[in-house]
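The values are calculated or read from the model by the stated rules, or taken from the named source; none is laboratory data. Note that the coordinates shown come from a computational prediction; the quantities given were computed from them, not determined experimentally. Cβ coordinates were reconstructed from backbone atoms using ideal geometry, including for glycine residues, and neighbour counts include every protein chain displayed. Ligands, DNA and RNA are stripped out before the accessible areas are found, and what is left, the full protein with its side chains, is counted by its heavy atoms. Shrake-Rupley method; radii C 1.70, N 1.55, O 1.52, S 1.80 Å.
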Amino acid sequence: MSPPRGTGSLTQADGLRAGQAAAAYGTGAPGGARDIGVPTLLVASGRGGSGSTLLSALLAVSAAGEGHRVLLVDADDFVGPLALTLGVTPRASWTDLRAGRATPADVALPVSATLTLVAGGAPRLSDGTAAQPINAAERKACMRRVSMLAESMDLVVIDCGARLDSVLGALTPHAAERLIAVSAGSDPVALAATYALCKAVGQRHSALPVDILVNRHEGSEAARCYDAIDAGARQFLGLTLRLAGAIPADPTLDAALRAGMPFPDAAAGSPAAIAAHEVVMRVLAARTSSRSGT
């Protein structure tokens, strides 16, 4: 399913996608293209329950299904829901990189021939008891070690959930890195939460491109979500946000997952997966264009 069209606001959004793609994803230096790094999507939301984990899985599985090498990182250091979503059992999480207890290779779990998961979850001591919570400096150091795995990848997707510290800890930064701010409602609280996320990240990393991905809405409703957030960002933050796309509500997918169907099978051909496929293909197409200098 295509991102919503047919309104003036989304005509503007389409123009941003088409006319500013090279600038948005990092263009080459004058006279030729330059390496801008591996495309990295930091998927985050302003409040819990917006669907960042499901969207991260959909984006990653979709790109991997096209033969692209994808690194999917669960930045949650409490639960680590991506492993449960994908139906795999990790040997270790990225939190085990703290103090050198594990290597990046130890936490890289192959899910398929083209998809590698770095699981989240709370760190554990050797006797199985919970370790002390990870602090900001340790989080940053661990994520830097995780980024070593990206060198052999075509795409990195990081599920940052609804926590600002997860976003800030996962930032590298490099020219092909983007924040995908998930908005899952047109009510004032949902819109304010997404706006607050954009503001908080923008104040710390003003050069980081920000995309809005509207979840569980399509058509004019998705357009209104994007317009409201973008208008606030323009007026009060001086930011121009890009519309990444819209993912429709998909009760069939939700029911299949609740019934225990493996994620790739449940997602295959679903409206949500089709929409996510279009989003991630645009990311990879923009990467190809910028590397070729077009």
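Residues in region 231-278 that are within 20 Å of residue 43 (Cα to Cα), of a type in the set (A, V, I, L, M) and open to solvent by 10 Å² or more (accessible area, probe 1.4 Å): 239, 249, 273, 274. Looking only at region 182-190, decide whether some residue is free of Cβ contacts under 8 Å to residues at least 12 places away in the same chain and part of a helix (DSSP H, G or I). Within region 182-190, one or more residues are free of Cβ contacts under 8 Å to residues at least 12 places away in the same chain and part of a helix (DSSP H, G or I).
Please verify whether region 97-110 includes one or more residues that are surrounded by 22 or more Cβ atoms within 10 Å (Cβ to Cβ) and assigned to a helix (DSSP H, G or I). Yes: one or more hits. For residue 226, the criteria (1) open to solvent by 10 Å² or more (accessible area, probe 1.4 Å); (2) farther than 23 Å from residue 74 by Cβ; (3) touching a strand residue (DSSP E or B) at 6+ places or on another chain (Cβ under 8 Å) hold in every case but one, which is (1). Name every residue in region 74-96 that is within 19 Å of residue 273 (Cα to Cα) and not in a loop (DSSP other than H, G, I, E, B), in order of residue number. Selection gives 81, 82, 83, 84, 85, 86. Listed by first and then second residue, the pairs with beta-carbon distance under 6 Å, at least 6 apart or on different chains, first residue in region 34-53 and over 14 Å from residue 157 (Cβ atoms) and open to solvent by 10 Å² or more (accessible area, probe 1.4 Å), second modelled with pLDDT of 95 or more and in a loop (DSSP other than H, G, I, E, B), are 47/162; 48/162.
Checking 231, 181, 207 one by one, the residue that is of a type in the set (A, V, I, L, M) and over 21 Å from residue 284 (Cα atoms) is 231 and no other. Within this structure, residue 147 fails the test of being within 19 Å of residue 97 (Cα to Cα), polar (S, T, N, Q), assigned to a helix (DSSP H, G or I) and touching a residue at least 60 places away in the same chain (Cβ under 8 Å).
Yes/no per residue for (1) at pLDDT 95 or above; (2) farther than 25 Å from residue 184 by Cα:
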position: 1; (1), (2): no, no
position: 13; (1), (2): no, no
position: 16; (1), (2): no, no
position: 24; (1), (2): no, no
position: 31; (1), (2): no, yes
position: 60; (1), (2): yes, no
position: 80; (1), (2): no, no
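Do you know which of the residues in region 55-96 that are β-branched (Val, Ile, Thr) and touching a residue at least 24 places away in the same chain (Cβ under 8 Å) is most open to solvent (accessible area, probe 1.4 Å)? Looking at the filtered set, the residue picked out is 79.
Looking at this structure, is residue 167 open to solvent by 50 Å² or more (accessible area, probe 1.4 Å), in contact (Cβ under 8 Å) with a residue 60 or more places away in the chain and either of a type in the set (D, E, K, R) or not in a loop (DSSP other than H, G, I, E, B) (or both)? No.
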